[in-house]
Amino acid sequence: MDKYLTLLLNIAPAVAGFLLTVVILKFLPGGKKLLGCDRGRKFAVGSEVNIGKPTGVGFYFTIIIAAVTIAFRYNDLPVILTMGLMLIAMITGFLDDRAKTPWNEYVKGGLDFLVALAGAFIATHYMSGEVIIGLNGETITLHPIVYYILAVILIGVSINATNATDGVDGLSGTLTVITFLAFNLLSVINQSNDGSSIVICEVMIGTLFGYLLYNYYPSKMLMGDAGSRSLGLLIAMYAMYVKLPLAYLVFGLPFMIDGGLSILKITIGRLTRKKIIILKNTLTPIHDHLKKKKGFSVPKTMAVICIFGLVIDIIYLVAAYLIHRAG
């Protein structure tokens, strides 16, 4: 009996996140009056099918993630501060979701930058400055200024890449689950995990599975910027918490290829006044290219990108495990 009780307590954060999300999204308190409706995306392929669906439901699951995590780790200041910042990131996205017309990109970029500055401050002052740089677990300690600058970049990239990836039913949520599992497993291999990192991972997975029940194709609701921006922030903060920010280059690769290339293409085009256009024959985000140019269905598009992410994560994790075992 004791072992079953222990098991239940160990998975309680995931179960709590899942059940709360399923119930709240079932009833959607406030409904479309609170959340607003999806208005489609001007250049997104197939986005017209989502017009009218409740959007911004990230408002609900972000609050659930923060509340459940703090309930289980109420004495961990870095975790509490991170959850608070995640709620701020969510609010900036939620207000954009609710706006009658989309916010100016410079306004959103400025808000993301402020969030990144605050997140880097939390990471620099309340988390270890150690960074695991190799598959064998070798670490270095960066100068606080260098760490702060790199943290700002990581957070900004993660927020925007995750946001741009959210254009296919189930894609962003599934990739986030895979990414958190990968970071958690690598932290176990490197022994850089602790009780808080495990709880955060469990809550994220449980909560997002609850959301994905309503978001897999054909979706009934969308996370909106409220969800994608908060998830992007938490991915980056979690990577730094477990001392694995460099692993984002691997585990975050699907986000960077799918959504990040879109941001890079737009940025270079604007900075050069369209004198330099990269990926001229490729639609970005890449999921749009797969749907329009390759003729992939929505489920196939999601599966291809997620399987790609899963495969590279497994290869990296197996390599790290074997190197640690050999050492």
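So the check is Cβ under 9 Å with 6+ separation or different chains; which pairs have a first residue in the range 229-244 that's without any contact (Cβ under 8 Å) to a residue 60 or more places away in the chain and a second one that's hydrophobic (A, V, I, L, M, F, W, C) and in a loop (DSSP other than H, G, I, E, B)?
So the pair list comes out as Y238/L244.
Any residue that is within 22 Å of S196 (Cα to Cα), basic (K, R) and in contact with a strand residue (DSSP E or B) (Cβ under 7 Å, 6 or more places away or on another chain) - is there at least one of those in the range 218-236?
Checked against the condition, which is being within 22 Å of S196 (Cα to Cα), basic (K, R) and in contact with a strand residue (DSSP E or B) (Cβ under 7 Å, 6 or more places away or on another chain), the range 218-236 yields no hits at all.
Could you pull out the residue among S196, S158 that is in contact (Cβ under 8 Å) with a residue 12 or more places away in the chain, among the hydroxyl-bearing types (S, T, Y) and surrounded by fewer than 21 Cβ atoms within 10 Å (Cβ to Cβ)?
Going through S196, S158 in turn, the sole match is S196.
For the range 46-83, enumerate the residues that are of a type in the set (D, E, K, R) and closer than 18 Å to Y238 by Cα.
First, the residues of the range 46-83 that are of a type in the set (D, E, K, R): 48, 53, 73, 76.
Of everything in the range 46-83, those that are of a type in the set (D, E, K, R) and closer than 18 Å to Y238 by Cα turn out to be R73, D76.
Can you work out which of the residues in the range 264-297 that are buried (at least 20 other Cβ atoms within 10 Å of the Cβ) and in contact with a helix residue (DSSP H, G or I) (Cβ under 7 Å, 6 or more places away or on another chain) is nearest to G170 (Cα to Cα)?
The residue in question is H287.
Kindly indicate whether G134 is of a type outside the set (V, I, T), assigned to a loop (DSSP other than H, G, I, E, B) and at negative phi.
Details: of a type outside the set (V, I, T): yes; assigned to a loop (DSSP other than H, G, I, E, B): yes; at negative phi: yes.
Taking the combined requirement at face value, the residue satisfies it.
Just give me the residues in the range 108-148 being surrounded by 12 or more Cβ atoms within 10 Å (Cβ to Cβ), modelled with pLDDT under 95 and of a type in the set (D, E, K, R), in sequence order.
Passing the criteria: K108, E130.
Would you list the helices (runs of 4 or more DSSP H) that sit entirely within the range 210-327 and hold 1 or more residues that are among the aliphatic types (A, V, I, L, M) and on the phi > 0 side of the Ramachandran plot? Let's see the steps before the verdict.
Details: elements: 224-241, 248-251, 261-271, 286-292, 298-326.
Once the helices (runs of 4 or more DSSP H) in the range 210-327 are filtered for at least 1 residues that are among the aliphatic types (A, V, I, L, M) and on the phi > 0 side of the Ramachandran plot, nothing remains.
The values are calculated or read from the model by the stated rules, or taken from the named source; none is laboratory data. Note that this is a predicted model, so its numbers are computed, not measured. Cβ: placed from backbone, ideal geometry, glycine included. Neighbour counts: every protein chain shown.
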